[in-house]
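The values are calculated or read from the model by the stated rules, or taken from the named source; none is laboratory data. Quick caveat: nothing in here was measured; it's all calculated off a predicted structure. Neighbour counts are summed over all protein chains in view; Cβ atoms, including those assigned to glycine, are modelled from backbone coordinates with ideal geometry. All accessible areas refer to the heavy atoms of the entire protein, side chains included, with ligands and DNA or RNA removed. Shrake-Rupley method; radii C 1.70, N 1.55, O 1.52, S 1.80 Å.
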Amino acid sequence: MHGGKAAGILWGEETRKGAGGMEQKGWPAVTVLRLADYDRERTEAAVERLFCSWPGAASLRRETKVTIKPNLLMARSPDQATTTHPAVVAAVAAALRRRGVEQITVADSPGGPYTAAALRRIYRACGMEELCGVTLNLDTAWGSRKAKPGSLAEEFHLIQPILEADVVISVGKLKTHGMTTLSGGVKNLFGCVPGLQKPELHYRYPTLDAFSQMLLDLAETVAPAFTIVDAVSAMEGNGPSGGTPRQVGLLAGSTSPFALDLVLADLIGLGVEDVATLRHSLQRGLIPRSAAQLQTDGDPYEKIADFRMPASKALDFSSHMPGPVRPLVRWLRRRVTPRPVIRRERCVGCGKCAESCPAHTIAVKEGKAVIDYRRCISCFCCHEMCPVRAIEMGRKWGRGRAED
Ligand code: SF4
Ligand code: SF4
């Protein structure tokens, strides 16, 4: 049952039989449910409704190996809205157990090194140790899977529980993101790449467009059978780790992480053109131009007009310019492209930013992090991994000046 297409999952617009046996075209449906808080019974009921909307749930068997992939970016308590709430993961496990599934593994490769000690620390902080009837993965082995044809890379390195699963259920968190603007279904799958190989991919695909294309290749290669996004308490502002919790009160699910992201973006006031992964999903025929063209089931909900976006929004326009003006555009871009700014008074010199920097352009000197901007690719891995929020987003020109 592994694999989106292999499992008969509809990702793009496809023809299916409608009422009365008539053929009709349709996009994958997205179910959005109201869920005011993480009360155990209410969360289980909501997740059960999502499972009822997922045709693949009927194929689950006692022997099906399921890996749940939450967003466990770093060691943060659930109330900080940086990570998927454990109540949602527990409810997914309960829904699987009700269907007889016995082999349920919770696995993620958070930011930083992929070690058993780091995983233990993160499970504890994120409330995952309280889950019953699941295996919390501590095996840090990984392997390769051939990327789907047409991908930028030939293969992806993936953590072992993703490779071994018959079914992957991705359980992301709705957050803003300094580089990709939105983190929901697609971006959550970046955590299938082991440890510090993630910054390497940032370096290999340094522009927003290339990185977003790679994320789509990865999503199509991991091919989660079902995607749920926890938007009960979401993160707005300088996500994915430096923002603030925002009560949204929704839980959403779909067989398509791409369609789900389109609905989530629409919910928080973003269109296809605002999010590079959505732009490329549209080009690949994975989503329609607007969320209104998708079939949305579940509860009525209102869009959020004032959801705060990250202070940064990466610019990537020089490749569209004629050759002679590109140097000028690059010069201008260096001045307006968002970049990380170290707040020295908050920095505790832990070095986590340097460890995660794909360009190896951060050094800790005299107990404080220092960035050499000449090699910085504005990926914001450092911002993401700083445990004390000592890295902000600024520009050489404009608000939050970042000096060379
Ligand atoms: S900026 Fe943050 S991550 Fe980097 S050394 Fe300082 S405290 Fe650690
Ligand atoms: S300094 Fe930060 S934003 Fe720049 S390349 Fe390194 S991790 Fe990315």
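Scan (1) in contact (Cβ under 8 Å) with a residue 24 or more places away in the chain; (2) surrounded by fewer than 17 Cβ atoms within 10 Å (Cβ to Cβ) for the single condition LYS69 breaks and write down its number.
(2)
Quick one: would you say GLY172 is touching a strand residue (DSSP E or B) at 6+ places or on another chain (Cβ under 9 Å), under 30 Å from VAL101 (Cα atoms) and in a loop (DSSP other than H, G, I, E, B)?
no
Are any residues in region 344-370 surrounded by 14 or more Cβ atoms within 10 Å (Cβ to Cβ), out of contact with any helix residue (DSSP H, G or I) (no Cβ under 7 Å at 6 or more places or on another chain) and closer than 15 Å to HIS202 by Cβ, and if so, which ones?
The answer is ALA354, GLU355.
Among LEU196, LEU189, which is the only one that is within 16 Å of ligand 1 (Cβ to nearest atom) and touching a residue at least 24 places away in the same chain (Cβ under 8 Å)?
Answer to the check: LEU196.
So which residues in region 108-141 are assigned to a helix (DSSP H, G or I) and in contact (Cβ under 8 Å) with a residue 12 or more places away in the chain, if there are any at all?
ALA116, LEU119, ARG120, ARG121, ILE122, TYR123, ARG124, ALA125, MET128, GLU130, listed by residue number.
One residue is enough: does region 173-183 have a residue meeting the conditions buried (at least 24 other Cβ atoms within 10 Å of the Cβ) and either of a type in the set (D, E, K, R) or closer than 29 Å to ARG62 by Cα (or both)?
Yes.
Restricted to region 222-254, and to residues that are open to solvent by 10 Å² or more (accessible area, probe 1.4 Å) and among the hydroxyl-bearing types (Ser, Thr, Tyr), which residue is farthest from MET385 (Cα to Cα)?
SER233
Within region 131-171, can you find the residues that are over 24 Å from PHE258 (Cα atoms) and acidic (Asp, Glu)?
ASP139
Against the conditions (1) open to solvent by less than 10 Å² (accessible area, probe 1.4 Å); (2) farther than 12 Å from GLY172 by Cβ, where does PRO55 fall short? Just the number, please.
For PRO55, the exception is condition (1).
Out of region 308-341, which residues are open to solvent by 30 Å² or more (accessible area, probe 1.4 Å) and at pLDDT 85 or above?
Result: ARG308, MET309, ALA311.
Cβ-Cβ below 7 Å, separation at least six or inter-chain, first residue in region 77-94 and assigned by TED's automatic domain parsing to the domain that holds GLY127, second modelled with pLDDT under 95 and part of a helix (DSSP H, G or I): which pairs?
PRO86/GLU130
GLU403 fails exactly one of the following numbered conditions: (1) open to solvent by 50 Å² or more (accessible area, probe 1.4 Å); (2) within 16 Å of ligand 1 (Cβ to nearest atom); (3) at pLDDT 70 or above. What is the number of that condition?
(3)
Only one of ALA369, ALA354, ALA305 is within 16 Å of ligand 1 (Cβ to nearest atom), within 24 Å of the chain's Cα centre (by Cα) and modelled with pLDDT of 95 or more. Can you tell me which?
Values: ALA369 fails: within 24 Å of the chain's Cα centre (by Cα); ALA305 fails: within 16 Å of ligand 1 (Cβ to nearest atom).
When all the criteria are applied, what remains is ALA354.
State whether the residues of region 142-160 include one that is within 16 Å of ASN71 (Cα to Cα) and either crowded, with 19+ Cβ neighbours inside 10 Å or free of Cβ contacts under 8 Å to residues at least 12 places away in the same chain (or both).
yes
In region 386-398, which residues are more than 8 Å from ligand 2 (Cβ to nearest atom) and either buried (at least 17 other Cβ atoms within 10 Å of the Cβ) or at pLDDT below 90 (or both)?
Correct list: CYS386, ALA390, GLU392, MET393, GLY394, ARG395, LYS396, TRP397, GLY398.
Give region 42-87 a look and list any residue that's among the hydroxyl-bearing types (Ser, Thr, Tyr) and more than 22 Å from LEU136 (Cα to Cα), or say none.
SER53, SER59
Which of (1) within 16 Å of CYS132 (Cα to Cα); (2) in a loop (DSSP other than H, G, I, E, B); (3) β-branched (Val, Ile, Thr) is the odd one out, the single condition THR84 does not satisfy?
Exception for THR84: condition (1).
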